[in-house]
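The values are calculated or read from the model by the stated rules, or taken from the named source; none is laboratory data. These numbers come from a predicted model, not from an experiment. Here the Cβ is made from the backbone with ideal geometry for all residues, glycine too, and neighbour counts use every protein chain on show. Surface accessibility is based on the protein's heavy atoms, side chains included, excluding ligands, DNA and RNA. Shrake-Rupley method; radii C 1.70, N 1.55, O 1.52, S 1.80 Å.
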Amino acid sequence: MAAPQLVTFGCRLNAYESEVMRAHAAGAGLDDAVIFNTCAVTAEATRQARQAIRRARRENPQAHIVVTGCAAQTDPQSFAAMPEIDLVLGNEEKLAAASWQMAKSGDMVRVAVADIMPVRHAHRQMIDGLSERTRAFVQVQNGCDHRCTFCIIPFGRGNSRSVAASDAVEQVRRLVANGHSEIVLSGVDITSWGANLEGSPRLGDLVAAILKGVPELKRLRLSSIDSIEADPLLMELLGGEERLMPHVHLSLQSGDNMILKRMKRRHSRHDAIAFCDSLRRRRPGLVFGADIIAGFPTETEAMFENSLSLIDDCGLTYLHVFPFSPRPGTPAARMPQLDVQAIRDRARRLRARGQEKLDTFLASEVGAIRDVLIETGRSGRTEHFASVKFVQEMRPGAIVRARMTGRGKAHLEARLAA
Ligand code: SF4
């Protein structure tokens, strides 16, 4: 194994941090390392990581197996109990070059996972690129100060902290110089960016600084945002800045006010609908995606119907459906649980409604001319994040103008526009 191997689960933050670890491990000469960057959002994600670790040990008896990420941070002893593993690293420790030097020299304790809650600074780290990706994720914020009752993330990533605007601009400039045409601003709760920085700037200020500081950047996209925390400048930029993609993904979670209360969310059903209407008035054609949980504890059929109808009332196009999964230590795990079959059934109904919305959107795109960022030889994404397939080979990373000629179940077919 000439270079450290990274096995990344979960979110864009993990994808970004895996590149940081790749550089640190290589720098320390840990060429025989297999590094698992785990996720704790669902029980299934943790199960898959364990399975992959066992397989890696079978296939590489001599490898140095390191496990980190949110599952390792929230439950280190359960990984320490696995004989396949050489080192369990916390989410802070994984980002320090010294950790990897010590791992190489053998001076590192087998389980290095400190309490992450006291951490109040964001690491100043730079990557040169994301391997195998044309769209680059840039971590501008980490952790979360909220405590939604179903969520384990704050226990894995700690409290909210922001990367300085100057570091974020420099990171974006470096990735664009290295050939990335699209940047996705990523974090756990990016709309809280700036809260711990001097002068408490807001996400809108950061977006403006990046667009001004990197004029050669063609496409800037936001990862999931909390609509109730969107600041006026961000709304203005989303409403009219061409380089800011007309696609917004929302962390909505439910369409019922009582369930939103029991989730300890900060917005109401009305707030979500008003947010979408306001942005759509500013920028007709902007598309929305959203995360919705199916089967949150105590959710009645009538409450669930409110989540179903929210899809229409917000005019959502992309739906990420999460069947409720009780996470150890969260308040929602102690609430009266719904029957597993009922959860699955509600997830299926949400996905079916989501597919209908996607069908309508894709059908409306046929005939349109769109700029597509090529990801692999024959596929890419439009500004609206629609998946596109081509017959002919294209150069990954290129942005091409294309006519949408047809559609499949979840993608558009296209050819180069004349
Ligand atoms: S805002 Fe809520 S759901 Fe999102 S990371 Fe924070 S606690 Fe979790």
Considering the stretch 108-159, residues that are more than 16 Å from the ligand (Cβ to nearest atom) and acidic (Asp, Glu), and then whichever is farthest from ILE399 (Cα to Cα), we arrive at ASP115
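Residue-wise test of (1) surrounded by fewer than 16 Cβ atoms within 10 Å (Cβ to Cβ); (2) in a loop (DSSP other than H, G, I, E, B); (3) without any contact (Cβ under 8 Å) to a residue 12 or more places away in the chain; (4) not aliphatic (A, V, I, L, M).
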{"residue": "LEU350", "(1), (2), (3), (4)": "no, no, no, no"}
{"residue": "ARG353", "(1), (2), (3), (4)": "no, no, no, yes"}
{"residue": "GLU356", "(1), (2), (3), (4)": "yes, no, yes, yes"}
{"residue": "PHE361", "(1), (2), (3), (4)": "no, no, no, yes"}
{"residue": "LEU373", "(1), (2), (3), (4)": "no, no, no, no"}
{"residue": "ARG395", "(1), (2), (3), (4)": "yes, yes, no, yes"}
Could you please let me know if VAL169 is of a type in the set (A, V, I, L, M), within 16 Å of the ligand (Cβ to nearest atom) and not assigned by TED's automatic domain parsing to the domain that holds GLY29? no
Condition check for ALA28: farther than 30 Å from SER223 by Cα and crowded, with 19+ Cβ neighbours inside 10 Å: yes
For the stretch 201-219, pairs from a residue that is at negative phi to a residue that is open to solvent by 70 Å² or more (accessible area, probe 1.4 Å), with Cβ under 6 Å and 6 or more apart or across chains, are VAL214/ARG173
Going through the stretch 174-190 in order, the residues found to be open to solvent by less than 40 Å² (accessible area, probe 1.4 Å), under 27 Å from ILE152 (Cα atoms) and in a loop (DSSP other than H, G, I, E, B) are GLY187, ASP189
With criteria (1) away from the ligand (no atom under 16 Å from the Cβ); (2) within 29 Å of ILE292 (Cα to Cα); (3) among the small types (Gly, Ala, Ser), GLY179 comes up short on (2)
Note on the stretch 397-417: residues of a type outside the set (A, V, I, L, M) and open to solvent by less than 60 Å² (accessible area, probe 1.4 Å) are GLY397, GLY406, GLY408, HIS411
The one condition ASN196 fails out of (1) closer than 22 Å to ALA398 by Cα; (2) open to solvent by 50 Å² or more (accessible area, probe 1.4 Å); (3) within 16 Å of the ligand (Cβ to nearest atom) is (1)
Do we find that ARG47 is out of contact with any Cys (no Cβ under 8 Å at 6 or more places or on another chain) and open to solvent by 60 Å² or more (accessible area, probe 1.4 Å) in this structure?
-> yes
Residue count, the stretch 214-234, condition part of a helix (DSSP H, G or I), surrounded by fewer than 16 Cβ atoms within 10 Å (Cβ to Cβ) and more than 16 Å from the ligand (Cβ to nearest atom), comes to 1
Heads up, the helices (runs of 4 or more DSSP H) in the stretch 65-153 (entirely inside) with at least 1 residues that are more than 18 Å from the chain's Cα centre (by Cα) and surrounded by fewer than 17 Cβ atoms within 10 Å (Cβ to Cβ) are 76-80, 97-105
